[in-house]
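For reference, the structure is listed below as structure tokens.
The values are calculated or read from the model by the stated rules, or taken from the named source; none is laboratory data. Note that the structure is predicted; figures quoted are calculated from it, not measured. FYI the Cβ positions are ideal-geometry reconstructions off the backbone, even for glycines, and counts take in every protein chain you see.
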Amino acid sequence: MKTPLSIQIIYWLANIAFWLMVLIATVLFILNLIFLTDVFTDTIQLRIQMPVPIEVVEEGKLFLSDAVQTVRIEEAYGKLYLVDTPFYITKMVTRVLFIVVLLGLFMTWRFKQFITNIKKGLLFESENIKNLKQIAYGLLALWLSTKIYMEVIYRALIKYLDFDSIIIGEYVNNYNGLLIFSIALWALAHVFVKGLEMKEEQNLTI
């Protein structure tokens, strides 16, 4: 049977994503090696994603046809710009980022294998079940590492920020969407297990 166009598109996107992750992981690996040797100690202007919302009260105007509506921004997310970032912070962030990219590389590799099997028409196969389960475990590890990283950033840096015009929130983003997605994939893997059992029963019946 001819492979559907949607599967072909996903297949090529998966391949592109995989090789992009390989490139990014290689660059980060080289950077970490350079930082370990302490050859490069120049100041880097680092920006870190804020793990908590920023409480602001900024008023503006919304123009709707002939009416003008007053609006306020009361909560926002942004990046913390560490001017002339200390070198030890730069090393710590690049190491954590390298670990996260490795997790992403592992998951894109497994998804590439999964979609390759789908493209070949191999749906209810043990290898596909293994791929889905390992992607789910990778997402779970990514969620856990992101949660720990955000907690560390908050307690080591964000907690001690002081601004005159804004208030730093205290609720750290949990990224629970990753957890829910990993559980959904894990459940889907068990659906594939059931499909494989039905397929084997059908073959035995025949």
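At-a-glance table
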{"quantity": "Failed condition for Leu13, given (1) at pLDDT 90 or above; (2) touching a Lys or Arg at 6+ places or on another chain (Cβ under 6 Å); (3) not aromatic (Phe, Trp, Tyr)", "calculated": "(2)"}
{"quantity": "Residue match in region 105-122 (condition: within 30 Å of Tyr88 (Cα to Cα), without any contact (Cβ under 8 Å) to a residue 24 or more places away in the chain and surrounded by fewer than 17 Cβ atoms within 10 Å (Cβ to Cβ))", "calculated": "no"}
{"quantity": "In region 63-93, the residues that are at positive phi and either under 24 Å from the mean Cα position of the chain (by Cα) or not hydroxyl-bearing (Ser, Thr, Tyr) (or both)", "calculated": "Asp84"}
{"quantity": "For Val52: the one exception among (1) outside any helix (DSSP H, G or I); (2) more than 16 Å from Tyr149 (Cα to Cα); (3) modelled with pLDDT of 80 or more", "calculated": "(2)"}
{"quantity": "From the options Thr26, Thr85, residue that is closer than 30 Å to Leu144 by Cβ, free of Cβ contacts under 8 Å to residues at least 40 places away in the same chain and among the polar types (S, T, N, Q)", "calculated": "Thr26"}
{"quantity": "One residue from Ile129, Ile135, Ile148, Ile183 being assigned to a helix (DSSP H, G or I) and more than 17 Å from the chain's Cα centre (by Cα)", "calculated": "Ile129"}
{"quantity": "Exclusive hit being surrounded by fewer than 18 Cβ atoms within 10 Å (Cβ to Cβ) and touching a Ser or Thr at 6+ places or on another chain (Cβ under 8 Å), set Tyr171, Tyr175", "calculated": "Tyr175"}
